[in-house]
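Engineer: Attaching a single structure in structure tokens format; questions to follow.
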Amino acid sequence: MIQHFSLCPCPKLIAEYLLRETTCDAVVVVDVLRASTTILEALSNGAKAVIPVADSDQLKPYLNNNGYIVAGERGGIKLEFADLGNDPAEYTPQRIKGKTVVLSTTNGTQNIETIVKLRSNIPIFIGSVGNVVMLASLLEESYNNVLIAASGWNNTFSVEDSLYAALLYNQFVSPPSLTDDATILARMALENTKNNYAYAVKKSEHYQRLLKLIPKERIDYCLKPYLYSIVPFYYKGQIMVGR
């Protein structure tokens, strides 16, 4: 049963949360628009694993290797040399089944790498709207002190990732009574929209930014619940479903 639930609303602050004397025993990395959904889509459609890398140059050794798919994005736009970008619609079974995806994104993969460097032994899970119910169940079964690590935008706050903490909190059968102020604020904000998470996200800066780059329906896909029955986790450099 979860006893304490907290939210790091900005990647710049993650060390303050992970290096406390009393700290979390599980971390959920969330990048709703769009790395979280991309990772889940890839693994649900048969990818063997996803290797997250922070620097786009780390992708290049995997180019022209039959066992790998190179995926990269910056500022919402696919990298020129990459096979795929950061759009879940690209990750069809025909393209990625049986392959390992090496992924570098503007926000999400940097967040993961920072957490691993600070606390290499802590369980790290990937959270999206599409797996929020499964994730809540797993966390309640196995962990006491959970931290949501919002990926934000360029190391700053984002509505969609911080409000995800409230969305996840609302799924718990036995919600923890102890939360930090960031979580309290996220819950108040979501309640102010009558718990309409998608409505809140569609008003966000990043959602509006993506509207200029990709079709609306492809962004909205990332806001759909019940898409996935898996909870990916990071293990020895890879994100996977089962060891």
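Engineer: Which residue, chosen from Gly98, Val129, Thr114, occupies the Cα position most advanced towards the positive end of the dipole of the range 93-170, where the dipole is computed from +1 (Lys, Arg) and -1 (Asp, Glu) charges on Cβ about the Cα centre?
Structural biologist: Positive-most Cα among the choices belongs to Gly98.
Engineer: Treating the beta-carbon of each Lys and Arg as +1 and of each Asp and Glu as -1, no other charges, what is the dipole magnitude of the range 87-156 about its Cα centre, to the nearest 20 debye?
Structural biologist: With only Lys, Arg, Asp and Glu charged at Cβ, the dipole is about 240 debye.
Engineer: Right, next: Checking the cross-link filter: which lysines have an alpha carbon closer than 29 Å to that of Lys97, excluding same-chain neighbours under 8 positions apart?
Structural biologist: Qualifying lysines at Cα under 29 Å: Lys48, Lys60, Lys78, Lys216, Lys224, Lys236.
Engineer: Pulled fully out, how much extra length does the chain show between Lys224 and Asn121, if you take 0.36 nm times their separation in residues and subtract their Cα-Cα distance?
Structural biologist: 33.9 nm
Engineer: Now, a different point. On the Cα set of the range 1-66, report Rg and Dmax in Å, please.
Structural biologist: 15.9, 47
Engineer: As an exercise, identify the trypsin sites (Lys or Arg not before Pro) in the range 149-241 lying in DSSP coil whose Cβ has no more than 14 other Cβ atoms within 10 Å.
Structural biologist: Hits after loop and neighbour filter: Lys194, Lys203, Lys212, Lys236.
Engineer: Please work out the ratio of the alpha-carbon Rg of the range 48-113 to 2.2 N^0.38 Å and round it to two decimals.
Structural biologist: For the range 48-113, the normalised Cα radius of gyration comes out at 0.99.
Engineer: What angle do you read, to the nearest 10 degrees and between 0 and 90, between the alpha-carbon axis of helix 181-192 and the longest principal axis of the chain?
Structural biologist: With both axes taken from Cα atoms, the answer is about 90 degrees.
Engineer: In the chain, if the dipole is taken from +1 on Lys/Arg beta carbons and -1 on Asp/Glu beta carbons about the Cα centre, which of Leu63, Ser162, Thr193 is farthest to the positive end?
Structural biologist: Going by the charge dipole, the pick is Leu63.
Engineer: Report in % the part of the accessible area of the range 49-116 that belongs to carbon and sulfur, leaving out ligands and nucleic acids; probe 1.4 Å.
Structural biologist: Roughly 47 percent, rounded to a whole number.
Engineer: Further, regarding this structure: Sum up the charges of everything whose Cβ sits under 15 Å from the Cβ of Lys224, counting Lys and Arg as +1 and Asp and Glu as -1, but leave Lys224 out.
Structural biologist: -1
Engineer: In addition: Using a simple spin-label model with points 7 Å from Cα along the Cα→Cβ vector, what separation in nm is obtained for Ser177 and Thr92?
Structural biologist: Here the modelled spin labels are 5.3 nm apart.
Engineer: With just the Cα atoms defining each centre, how far is the range 27-72 from the range 76-143? Give it in Å.
Structural biologist: 6 Å
Engineer: Just add up the charged neighbours of Met1: K/R +1, D/E -1, any other residue whose Cβ is under 9 Å from the Cβ of Met1.
Structural biologist: Cβ neighbours under 9 Å give a net charge of -2.
Engineer: Straight-line reach from Lys12: which aspartates and glutamates have Cα under 16 Å away, leaving out those fewer than 8 places along the same chain?
Structural biologist: List returned: Asp31, Glu113, Asp161.
Engineer: Normalising by the residue count of the chain, find the relative contact order in percent from Cα pairs under 8 Å and 6+ residues apart.
Structural biologist: Dividing the mean separation by the residue count of the chain yields 33 percent.
Engineer: Please report the antiparallel percentage of the DSSP beta bridges confined to the chain, to the nearest 5.
Structural biologist: Here the antiparallel bridges make up roughly 25 percent for the chain.
Engineer: I've got another one for you. Using the Cα centre as the reference, give the magnitude of the dipole from point charges on the C-beta atoms of the chain (Lys, Arg: +1; Asp, Glu: -1; all else neutral), rounded to the nearest 20 debye.
Structural biologist: 520 debye
Engineer: Put a dot 7 Å past each Cα toward the Cβ at Leu19 and Asn64; how far apart are the dots in nm?
Structural biologist: Going from the Asn64 label point to the Leu19 one covers 4.2 nm.
Engineer: Taking all pairs of distinct Cα atoms, average 1/r, flip it, and tell me the Kirkwood hydrodynamic radius of the chain in Å to one decimal place.
Structural biologist: Evaluated on the chain, it is 17.7 Å.
Engineer: If each residue of separation counts as 0.36 nm, what is the full-extension length gain between Lys194 and Gln3 once their alpha-carbon separation is subtracted?
Structural biologist: 66.2 nm
Engineer: At 1.4 Å probe size, with no ligands or nucleic acids counted, give the accessible surface of Cys10 in Å², nearest ten.
Structural biologist: Probe radius 1.4 Å; accessible area of Cys10 about 20 Å².
Engineer: Separate question: Counting helices only, and only those DSSP H runs with n ≥ 4, report the 222 nm mean residue ellipticity of the chain as the sum of -39,500 (n - 2.57) divided by its residues, in deg cm²/dmol to the nearest 500.
Structural biologist: -9000 deg cm²/dmol
The values are calculated or read from the model by the stated rules, or taken from the named source; none is laboratory data. Please read all numbers here as calculations on a predicted model, not as lab measurements. Glycine also receives a Cβ, built like all others from the backbone with ideal geometry; neighbour counts cover every protein chain displayed. Accessible surface areas use protein heavy atoms only, side chains included; no ligands, DNA or RNA. Shrake-Rupley method; radii C 1.70, N 1.55, O 1.52, S 1.80 Å.
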